[in-house]
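Comments concern the structure below.
The values are calculated or read from the model by the stated rules, or taken from the named source; none is laboratory data. Predicted model only: the values in this text are computed from it and were never measured. Note that we place each Cβ from the backbone using ideal geometry, even for glycine, and neighbour counts take in every protein chain shown.
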Amino acid sequence: GAVVSQHPSRVICKSGTSVKIECRSLDFQATTMFWYRQFPKQSLMLMATSNEGSKATYEQGVEKDKFLINHASLTLSTLTVTSAHPEDSSFYICSAPDSSNYGYTFGSGTRLTVV
Amino acid sequence: DQQVKQNSPSLSVQEGRISILNCDYTNSMFDYFLWYKKYPAEGPTFLISISSIKDKNEDGRFTVFLNKSAKHLSLHIVPSQPGDSAVYFCAASDGGATNKLIFGTGTLLAVQP
C-alpha cells in the first residue's frame, strides 16, 4: 500500500534555530501534502496544505513565515520551523491523499522539542 | 471554529461489551468520513470510513453509522477488546473541493479486562 516516510521521528533543538521535517511518498506521487500539529491530549490541527509546484496554503492563524513549506517534487514535501521557540514544541505529522481505499496516508510523525 | 467535534473526551467499557464513540460535524460540505485510532507519538491508524451516500458501513468488529440530517456519525466496536484502548479520532473531508481532512477532538477509549 501507499507509504509516506517522515523524518526525523524526533528532534531536539535550541531556541532560535531552524528545524526541517521531510515527508516522502515512497510508492505514489503526492501532488498534495497536508501538515498537522498535535499538542498533548489535543486534536490534530491542520496547519497548511502544500501543493507541488505552487505556494502552500495556510490555515487561519498559522504563521507562514515561521512554518515554511516546500513541495519540491511529486514525492517530497518539507516543513521548516524557523527560529524555533519552546512553544513550537509539538508533534508534527504529514498526510497525503492517495488512491487506496483509505484515502489518506500518514507519516509516522515528528516529535519536536525546543529547549 | 471546531468543525468536527467529539463531545466525550473519554470512555470506559468492559471487555466484550460494545463501545460507541460519537462525532458531530457542522460543515455540510463534508462528504467523506473516517475513523482513526491513535497512540501517542505515532501516526493515526485508519479503521473505517463512510461516504455520505451511505448510512452504514461495517468491517469486522467496527461499524460506522452516519446520520446526515443530524450531522452525526458514530463508531461501534463490538465486542470491545483491551487492545482497542487508544485515542479515537473521527475525521471529515469535503472530497474533491479541497480534499482537506479535518479531525475531531478525540475520545480516549479504555477497555477494561
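For this structure, a couple of remarks:
- Enumeration of residues in region A:88-112 that are among the small types (G, A, S), within 12 Å of A:L44 (Cβ to Cβ) and assigned to a strand (DSSP E or B): A:S90, A:S95
- Filter result for A:A56 (more than 14 Å from chain B (Cβ to nearest Cβ) and more than 25 Å from B:F89 (Cα to Cα)): no
- All told, B:L109 falls short of being over 20 Å from A:F91 (Cβ atoms), surrounded by 20 or more Cβ atoms within 10 Å (Cβ to Cβ) and either basic (K, R) or modelled with pLDDT of 95 or more (or both).
- Exclusive hit being modelled with pLDDT under 95 and in contact with a Phe, Trp or Tyr (Cβ under 7 Å, 6 or more places away or on another chain), set A:L44, A:L26, A:L74: A:L44
- Of all the listed residues (B:S28, B:S12, B:S51), the sole one being surrounded by fewer than 14 Cβ atoms within 10 Å (Cβ to Cβ), away from chain A (no Cβ under 14 Å) and either within 18 Å of B:H72 (Cβ to Cβ) or in contact with a helix residue (DSSP H, G or I) (Cβ under 6 Å, 6 or more places away or on another chain) (or both) is B:S28.
- Some residue of region B:37-47 being of a type outside the set (V, I, T) and more than 11 Å from chain A (Cβ to nearest Cβ): yes
- Strands (runs of 3 or more DSSP E) contained in region A:1-80 and holding at least 2 residues free of Cβ contacts under 8 Å to residues at least 60 places away in the same chain: A:19-25, A:32-38, A:44-51, A:54-58, A:67-73
- Among the conditions (1) at pLDDT below 95; (2) more than 20 Å from A:Q42 (Cβ to Cβ); (3) surrounded by fewer than 20 Cβ atoms within 10 Å (Cβ to Cβ), B:G60 misses just one, which is (1).
- Residues of region B:13-68 classified as under 24 Å from A:S108 (Cα atoms), outside any loop (DSSP other than H, G, I, E, B), in contact with a Lys or Arg (Cβ under 7 Å, 6 or more places away or on another chain) and touching a residue at least 12 places away in the same chain (Cβ under 8 Å), total: 1
- Going through (1) over 30 Å from B:C23 (Cβ atoms); (2) in contact with a Cys (Cβ under 9 Å, 6 or more places away or on another chain); (3) surrounded by 15 or more Cβ atoms within 10 Å (Cβ to Cβ); (4) aliphatic (A, V, I, L, M) one by one, A:V115 falls short only on (3).
- Selection status of A:D98, out of contact with any Pro (no Cβ under 9 Å at 6 or more places or on another chain), within 14 Å of chain B (Cβ to nearest Cβ) and of a type in the set (D, E): yes
- Yes/no for A:T17 being surrounded by fewer than 21 Cβ atoms within 10 Å (Cβ to Cβ) and within 15 Å of the chain's Cα centre (by Cα): no
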